[in-house]
1. LEU22 versus (1) in contact with a Pro (Cβ under 8 Å, 6 or more places away or on another chain); (2) more than 18 Å from HIS227 (Cβ to Cβ): which is the lone unmet condition?
2. Just checking, how many residues over region 183-202 are under 17 Å from the mean Cα position of the chain (by Cα) and of a type in the set (Asp, Glu)?
3. Is it the case that region 150-158 has a residue that's open to solvent by 10 Å² or more (accessible area, probe 1.4 Å), free of Cβ contacts under 8 Å to residues at least 24 places away in the same chain and not polar (S, T, N, Q)?
4. Given the residues ASP293, ASP316, which is the only one that is acidic (Asp, Glu) and crowded, with 22+ Cβ neighbours inside 10 Å?
5. So which residues in region 257-280 are in contact with a strand residue (DSSP E or B) (Cβ under 8 Å, 6 or more places away or on another chain), closer than 10 Å to SER215 by Cβ and open to solvent by 40 Å² or more (accessible area, probe 1.4 Å), if there are any at all?
6. Count, please, the residues in region 58-96 that happen to be open to solvent by 20 Å² or more (accessible area, probe 1.4 Å), polar (S, T, N, Q) and closer than 30 Å to ASP123 by Cα.
7. Return the only residue of PHE99, PHE8, PHE18 being more than 18 Å from the chain's Cα centre (by Cα), of a type in the set (Phe, Trp, Tyr) and either more than 30 Å from GLN144 (Cβ to Cβ) or open to solvent by less than 60 Å² (accessible area, probe 1.4 Å) (or both).
8. When residues of region 168-211 are filtered for being surrounded by fewer than 18 Cβ atoms within 10 Å (Cβ to Cβ) and either modelled with pLDDT under 95 or outside any loop (DSSP other than H, G, I, E, B) (or both), how many remain?
Amino acid sequence: MNIVNLCFNTDGLGYMSFEEMLDTAAELGFDSIEIACGNWSKAPHIDLDHMLENKSARENFMEQIKHRGLALEALNCSGNQLAPNEEGKEHQKVIEKTFQLAEELNIKQIVMMSGLPGGSPTDITPNWIITSWPPITTKILNWQWNEVLIPYWQSTVETAKSHGIEKIALENHGCQLVYNPETLIQLRDAAGPMIGMNLDPSHLLWMGGDPVMASRKLGAERIYYVHAKDVRMERNLLEADGALDTKTIDQFSQRTWNYVALGHGHNVQWWKEFFSVLSMIGYTGPVSLEMEDLTMSPLTGVKKSLNVLKEALPNDYE
């Protein structure tokens, strides 16, 4: 019996049809899948509106998954619902629909982002504060948390409860108000225990953090989900310019860091320690492979990453 559920974020094979993706995931040995419903994802494997409107579509969707011996682990609606513009409003609509679909499908866990508002009531673009100087930055940050983020999540938790959702796993992504253990704990203390972390080691790594130490700080009770994604800090580029890189990810040959297949940034030994410590603190939830390496084909990246996972996870795959 596996200790950890080996899950797959299906956007990694977004070019495949739903059926082909399921066949591939089953053949590769995944236990479950994570389906993105929209916002920053193109939602390649689900039509959110059609699913909400059509009971037979929902039944067929779940049967196709079950038929391959897979389970639907979570729905993902990552985006920025707190953006002070039309995009933020549209992202919020997708979140609300995803919550509704979770109820219809009896899915208890949602993966998403905390959101990032503007810096004042009159802003029309998000504002990520990552320094305490000049003093205006602290005023902005306090306003974002106290006037926008905490009230939003206190309300959203109640909405989620009304749809039977039990856990919301927030990814520690950059350009979000929750981006590390400290900010996750701060929001959880204000909004309640439905809020936990989707611990993605790749983001902490490029920010200079240590996911192993982050795991220990959070404890299993605050880690609801784990994304398995690697990052490589690019030698000869990072040293000169640092990790605050604004070049788009398709310019990977010039960036100071890149998302890569597992094992292509940190070796198997690193991943063994990471998963061993997660097991040590009592984490038994899903580990969902997220593949965003642009230097190889998606399927190749999934296969190479899966080899690392099967060696590093505290499961017996023999």
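The values are calculated or read from the model by the stated rules, or taken from the named source; none is laboratory data. Since the model is a prediction, treat every value here as computed from it, not as a measurement. Glycine gets a Cβ as well: all are built from the backbone with ideal geometry, and neighbour counts include every protein chain shown. These area figures cover heavy atoms from the full protein model, side chains too; ligands, DNA and RNA do not enter into them. Shrake-Rupley method; radii C 1.70, N 1.55, O 1.52, S 1.80 Å.
1. Here LEU22 clears every test but (1).
2. Total satisfying the criteria: 1.
3. Yes, some residue in region 150-158 is open to solvent by 10 Å² or more (accessible area, probe 1.4 Å), free of Cβ contacts under 8 Å to residues at least 24 places away in the same chain and not polar (S, T, N, Q).
4. Numbers: ASP316 fails: crowded, with 22+ Cβ neighbours inside 10 Å.
Residue meeting the stated conditions: ASP293.
5. none
6. Total satisfying the criteria: 2.
7. Values: PHE99 fails: more than 18 Å from the chain's Cα centre (by Cα); PHE8 fails: more than 18 Å from the chain's Cα centre (by Cα).
The conditions single out PHE18.
8. Qualifying residue count for the region: 5.
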